[in-house]
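Written below as C-alpha cells is the structure these notes are about.
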Amino acid sequence: MKKLIFGLLIIVRFSFSQTVDATHILEKVQKQFEGVNDYTALLTAKVDMERLKIPEMKVKIYFKQPNKLHIESSNFAMLPKEGLGMNPGEMLKKFDATLLGTEQQNGTPLYKVRLVSKPEKNKPIHENIIYVDGTRWLITRFESVPNDGRKISVDFEHTLVDGKYFLPQKLTANFNMERSADSLTEKIYSPQRMPRRGSVVVEYSEYKVNQGLNDEIFEKKEKEKK
C-alpha cells in the first residue's frame, strides 16, 4: 500500500510539473530566439495573387532586436508582414495570451495559443492564433482572426543556422478577403481592383547572424521620406 501511494504521488507530481500555460509557452519561445541579436538573409518570394502577375522576387531582409526590420525591395508590400515582422521576443510585451488547447502532431505536442494585443491609445485590438511546437518551442503557424473580412494564415518551416539558431527556412502565406463577388459595375469600372485571395511562398537563404548591424540601416528609409 505504501508503495502504491508513493507511486501515485510521483505520478501526480510529474503531471503537475508538466502542466504548461500560455505564458510558459511564450517564455520558451522567447528563450529560443533571445540569442539572435540581429540577422540578414536573402529572400526569394513567389507571389500568386488573383488578377496580378508578379515575377519572382529576390529581396534582402535586415532584422535587429528588439523590433527593427528593413526590407530592400520596391515590391515588399506584396510580402506578408505578419510573418516577416514576427518577433517571438516581443510577444509577452505586446499580447495577452491564452492556451486554447493541445494536440499531437507526429508525436510532438502542438500548443494552440490565442494572442490579443494589449490596449494602446488610438490603436485597434488585434486577435491572432499561433501554434507552437512543444519540442523545439518554435512557432509553426500563425492565423489572423478575421478583421474587416481579411483573413491570413502563415505556415513556417525552420532551419538550424550556425548550429545553434533556429530561424525560418520557408514561409507560406495564404490570404482571403471575405466579401461578395464583384458587381458588374466593379468589373467594368475597376479592372485594377485589389485581389481578394492569393498566396506567397518565401524561402530564406544566406543567413548572417549577430553581425552587429548598424542602426543607420533601419533609419535609411525614414531619411528617404524627408
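The values are calculated or read from the model by the stated rules, or taken from the named source; none is laboratory data. Bear in mind the structure is a predicted one, so any value in this text is a computation, not a measurement. Here Cβ is always computed from backbone atoms with ideal geometry, including for glycine, and neighbour counts include all displayed protein chains. Note: areas computed on protein heavy atoms with side chains; ligands, DNA, RNA excluded. Shrake-Rupley method; radii C 1.70, N 1.55, O 1.52, S 1.80 Å.
In this label model, residue 65 and residue 203 are separated by 3.1 nm, measuring between points 7 Å along each Cα→Cβ vector. Calculated on the Cα set of region 37-155, radius of gyration then Dmax: 16.0, 44 Å.
The accessible area of residue 152, taken with all protein chains in place and a 1.4 Å probe, comes to roughly 10 Å².
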